[in-house]
Amino acid sequence: MSAPLTLSFSPARKAFISDIFALAYLAGGEARLVGGVVRNGLLARDKGAGFDAEQDLDIAVSLPITHFADAARQKGLRVLETGLVHGTVTVMADNQSAEVTQLRSDMSADGRHAKVKPTTDWHTDAQRRDFTINAIYLDAEGVVHDLVGGLSDLNAGC
């Protein structure tokens, strides 16, 4: 595990992300940032690369997406069912948005078209992602979770 990671977001974006983390927890699960925002945050911290604080947010949750979506609606957030068949919703508040996806595994895949089934296992979800460097998670405490060797690939420039 690497040192904690703090991402340079605006106060509004930090509050939005915190709300999503709290909603997942209150609904019985956990939320973690994943993908490009985590990868780019690590590159900024460790390699001096730039960090776009307004880049897309991808968040994985360890509970049924319908439970999370219901909790988000009850909190007053706008929820778009952008990919419900794949366990994904887009959550919006003010000028903030994030794609929130339930942990999942691939039953079959044809390029980017996959048949998925829900899971609660972070490692299973990490294994299905396109690259190890896009399977690095960041939790609410700033702890980096690297379950498939993404940090070593990132450091090696892979």
Practice task
May I ask you to verify whether Ala31 is under 15 Å from the mean Cα position of the chain (by Cα), surrounded by fewer than 18 Cβ atoms within 10 Å (Cβ to Cβ) and of a type in the set (Gly, Ala, Ser)?
Solution key: no
Problem - Selection status of Thr66, out of contact with any Leu (no Cβ under 9 Å at 6 or more places or on another chain) and either open to solvent by 70 Å² or more (accessible area, probe 1.4 Å) or closer than 21 Å to Leu26 by Cβ (or both) - result: no
Handout entry: Lone unmet requirement of (1) touching a residue at least 24 places away in the same chain (Cβ under 8 Å); (2) surrounded by 15 or more Cβ atoms within 10 Å (Cβ to Cβ) for Glu54
Key = (2)
Practice task
Scan segment 137-154 and give yes if some residue there is surrounded by 14 or more Cβ atoms within 10 Å (Cβ to Cβ), in a helix (DSSP H, G or I), out of contact with any strand residue (DSSP E or B) (no Cβ under 8 Å at 6 or more places or on another chain) and not aliphatic (A, V, I, L, M), otherwise no.
Solution key: yes
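The values are calculated or read from the model by the stated rules, or taken from the named source; none is laboratory data. Just so you know, these numbers come straight off a predicted model, no measurement behind them. Methodologically, a virtual Cβ is constructed for each residue, glycine included, from the backbone with ideal geometry; neighbour enumeration extends over all protein chains shown. SASA here: full protein model, heavy atoms, side chains in, ligands and nucleic acids out. Shrake-Rupley method; radii C 1.70, N 1.55, O 1.52, S 1.80 Å.
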